[in-house]
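As structure tokens, the structure follows; a few thoughts come after it.
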Amino acid sequence: MNLKSKFESGLSVFMVRMFQRRIPVAVRIELSNRCPNRCLYCNIWNTKQKEMTTEQVFKLLYELKQMGTKRISFSGGEPLLRDDIGEIIDYCDSLGMVPEMNSRGFLIDEKIDRIRKVKLLKISIDGPKEIHDYLSGRKNSFEEAVHTLKLAEKNGIKTIITVTITKQNIEYFDFLIDMAKKYNSMIAFQPLKLLSRGVSSMDNIWPEPEEYTKAISKLINYKLHKNGIMRNSLIGLKHIYHWPDYPKLKCSAGRLFCIIDTDGTVYPCDRIQYKEELPNCIELGFKQAWQKLKNVKLRCNGCGFCGSLELNFLYNFKFRVLDTIFKLVQ
């Protein structure tokens, strides 16, 4: 992201906060619910929905560009399962928006040449092999994810290891940080939270409160002394220390960011249960669907998801997150 884009993004945040404008600066698009993994904290793979066609995705991307979107995160499921993933990333890049992607690394050898324009590849790794394979519900998924890190580094693609904090992996943070160093990657730690389409219970992976706060304290200390690879900001780590009862923070969901489901349904955030019917951008067009989000009530006790949390800090004029954000987008 160049200096002009950074300035425009900052101006958008200011306009949203001060003048009650609504600008979708960052958007996540779920390209597919298909996924080879069966993660214990995710149920997306078990959700049967029609996927948007290539033409529908292109139309959506063009509309997002017109609405002021700067960054697109392509996710799933596993977006590499789409045959058109390369075309989608290339088109996003051609519009001047920053393409990012969440992946488990499935089919990476076949698709690496098609995703070279991805500016940030976020790879889920939840611990050493035994822990990661258990949490992902699939044998050899650890080797696959590590191979993706190696291949991305070789091809000059910036990466982030994303870690969902569970009682199984909470003692392996040093291992994961060392892995990030080894492969020249950043790393992000995120607390558990039930998703709107997630599993019904996570009692079997929920960390013990005392172990959790001890582990986050360790990450805070690491950030204070060696913050180069940590995706989490210091203010963000201090916020998630209080999981699951977070300090109050005015939320920018549906104002600065949103999530678009595989079938075109637009969510302010996918970590909230909704009573209202949500708009669909395939049926209405994104502009009209985005406007309808202002009628959707956010019923949430807060979240620790890195991207959303840092947008919320900016929305609340807490600029201490900027050093971490600029490292991410430079």
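A few remarks follow.
- Checking Leu311, Leu322, Leu249 one by one, the residue that is among the hydrophobic types (A, V, I, L, M, F, W, C), surrounded by 14 or more Cβ atoms within 10 Å (Cβ to Cβ), without any contact (Cβ under 8 Å) to a residue 24 or more places away in the chain and within 27 Å of Thr213 (Cβ to Cβ) is Leu322 and no other.
- Restricting attention to segment 283-308 and to residues that are of a type in the set (A, V, I, L, M, F, W, C) and touching a helix residue (DSSP H, G or I) at 6+ places or on another chain (Cβ under 6 Å), the residue that is surrounded by the most Cβ atoms within 10 Å (Cβ to Cβ) turns out to be Phe286.
- Summed over segment 235-275, the residues that are of a type outside the set (S, T, N, Q) and closer than 19 Å to Gln49 by Cβ give a count of 14.
- Subset of segment 270-282 that is touching a residue at least 40 places away in the same chain (Cβ under 8 Å) and under 30 Å from Ile165 (Cβ atoms) - its residue that is surrounded by the fewest Cβ atoms within 10 Å (Cβ to Cβ): Gln273
Here's the yes/no breakdown for (1) surrounded by fewer than 21 Cβ atoms within 10 Å (Cβ to Cβ); (2) at pLDDT 95 or above; (3) in a helix (DSSP H, G or I); (4) on the phi > 0 side of the Ramachandran plot:
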| residue | (1), (2), (3), (4) |
| --- | --- |
| Leu11 | yes, no, yes, no |
| Val27 | no, yes, no, no |
| Leu40 | yes, no, no, no |
| Trp45 | yes, no, yes, no |
| Met52 | no, yes, no, no |
| Val57 | no, yes, yes, no |
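- Any hit, segment 124-143, residues being modelled with pLDDT of 95 or more, in a loop (DSSP other than H, G, I, E, B), within 25 Å of Leu311 (Cβ to Cβ) and not polar (S, T, N, Q): yes
- Filtered residues of segment 272-299 (kept if in a loop (DSSP other than H, G, I, E, B) and either touching a strand residue (DSSP E or B) at 6+ places or on another chain (Cβ under 9 Å) or closer than 14 Å to Arg22 by Cβ (or both)): Ile272, Tyr274, Leu278, Pro279, Val296, Leu298
- Flag if Asn169 is surrounded by fewer than 14 Cβ atoms within 10 Å (Cβ to Cβ) and outside any helix (DSSP H, G or I): no
- Restricting attention to segment 127-149, the residues that are among the basic types (Lys, Arg) and over 19 Å from Asp174 (Cα atoms) add up to 2.
- Trp206 satisfies every condition listed in (1) modelled with pLDDT under 95; (2) over 17 Å from the mean Cα position of the chain (by Cα); (3) over 22 Å from Ile44 (Cβ atoms) except (3).
- Residue under evaluation Glu153, criteria (1) in a helix (DSSP H, G or I); (2) under 27 Å from Asn43 (Cβ atoms), criterion not met: (2)
- Search result, residues across segment 36-65 that are touching a residue at least 40 places away in the same chain (Cβ under 8 Å) and farther than 30 Å from Asn169 by Cα: Gln49, Lys50, Glu51, Met52, Gln56, Leu60, Glu63, Leu64
The values are calculated or read from the model by the stated rules, or taken from the named source; none is laboratory data. Only a predicted model underlies this, so the values are computations on that prediction, with no experimental measurement involved. Quick reminder, even Gly has a Cβ in these numbers, built from the backbone with ideal geometry, and neighbours come from all protein chains shown.
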